[in-house]
Structure formats: structure tokens, C-alpha cells
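Colleague: Have a look at the structure that comes next, please.
The values are calculated or read from the model by the stated rules, or taken from the named source; none is laboratory data. It should be emphasised that the depicted structure is a prediction, and the values quoted were computed from it without experimental measurement. Because the Cβ atoms are built from the backbone with ideal geometry, glycine has one as well, and the counts that use them run over all protein chains shown. Note: areas computed on protein heavy atoms with side chains; ligands, DNA, RNA excluded. Shrake-Rupley method; radii C 1.70, N 1.55, O 1.52, S 1.80 Å.
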Amino acid sequence: NLLDPVPVLDNKENSQSIEIQEKTFYSDSLSYNNILASIKPNSYKVKGKKYQWHSIKSKNEFIDLIEIFGQRDYVYTYAWAEVIVPEDKTVSMTLGSDDGVKVWLNGKIVHKNWIARSFEKDQDIFPVTFHKGKNQILIKIQNMQEGWAFSCRMLPLIFESELAEKANEIIDGLSKND
């Protein structure tokens, strides 16, 4: 499920401020539990305005938010999914996002990355533990300007040495772009 895009501020000119963008990223207008409670009635209120939840299926390995909502700058959305597992299991969650991304698993923030970047699959990798039964994943994706997309995958646990290798690949890629 995806929530309609929510503007960072009603005043577009002030929304462009990096400080305001960052403050919006780190704060949430309602609590995690209130956000989840809004999924069933299918609407969420922010500053008195109602936003709708949409059930979506992606044709790709990623969700192109511009394809779904049109080009929107200085906005954020939430994505929600429920994962059912037969037993406790620790996996590597991988995310790609354009731009900032914050992840809750069962009500606890397990990852946040305030960043301006283009989308690529698997940009962030971190371990998460799913508990037997239903698990709730909530992801906040905030867009500054232009591209807006995200992906989320669960892979077998990647060990620290493999994470270091992935980090080195990213660093090598960045230095080639300089």
C-alpha cells in the first residue's frame, strides 16, 4: 500500500529549504501506530487534509512513484506491507531510494538515511529480524526534486565481510564518477 504524496510544506518556496526538508524527514506528523491504523479506513489526515492509501503492484523490481503519482517535488509518502514468516528469521534488508528513506519494522525504526540521491537497487543494506507470524514494514520515502522511486528486498543475511565488500564497490563507483 502507498499513501498519497504529502507536501513537506504548503508553501512551495519554503519547502525547498534543506533544513525544512531534513526536519520533515526526521519527524512524522502522526505516530507509527496511528499511521498503521489509517490503512484499514484507507485514509490518513495530515494538517487536516485527508490522504488516501492505494494498493499497488509493481511491474518491476522497484516502485516508480512518478509513474503512480506524477512528478511531485518536496513531498513524502509511506509504503506499508505485511510479511508473514513461519519462524523467527534474520535477513538482510536492501533498499534503494530517491531520495531519503526511513524504515520501521513492527513499530521500531530499523533504518534511516537522509540523503539526496538517484535511485539504484540495494543502495542501503542492513540486518533485520522478522518474528514468527505477521510483521509490519512501514517505509517513508521523501523526495526533494525530480526522480522519485524506491525498492525493498529481503535477502539471506549478508555477513560483515560482504557488507565491507559492497561498501568498497560503492566507494570505487563514487571515485570513478569524480
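Colleague: Mind checking which residues of region 52-66 are part of a strand (DSSP E or B) and surrounded by 16 or more Cβ atoms within 10 Å (Cβ to Cβ)?
Modeller: Just the residues of region 52-66 that are part of a strand (DSSP E or B), to begin with: 52-54, 63-64.
The answer is Trp53, Ile63, Asp64.
Colleague: Among strands (runs of 3 or more DSSP E) lying entirely in region 67-123, which contain 2 or more residues that are of a type in the set (A, V, I, L, M), open to solvent by less than 50 Å² (accessible area, probe 1.4 Å) and on the phi < 0 side of the Ramachandran plot?
Modeller: Working: elements: 75-85, 89-98, 100-105, 108-113.
Because the criterion is at least 2 residues that are of a type in the set (A, V, I, L, M), open to solvent by less than 50 Å² (accessible area, probe 1.4 Å) and on the phi < 0 side of the Ramachandran plot, the strands (runs of 3 or more DSSP E) in region 67-123 that meet it are 75-85, 89-98, 100-105.
Colleague: Are there any pairs with C-beta distances below 8 angstrom linking a residue in region 118-131 that is in contact (Cβ under 8 Å) with a residue 60 or more places away in the chain to a residue that is surrounded by 15 or more Cβ atoms within 10 Å (Cβ to Cβ), with the two at least 6 apart or on different chains, and if so which?
Modeller: Pairs found: Lys121/Phe62; Lys121/Thr94; Lys121/Gly96; Lys121/Ser151; Lys121/Arg153.
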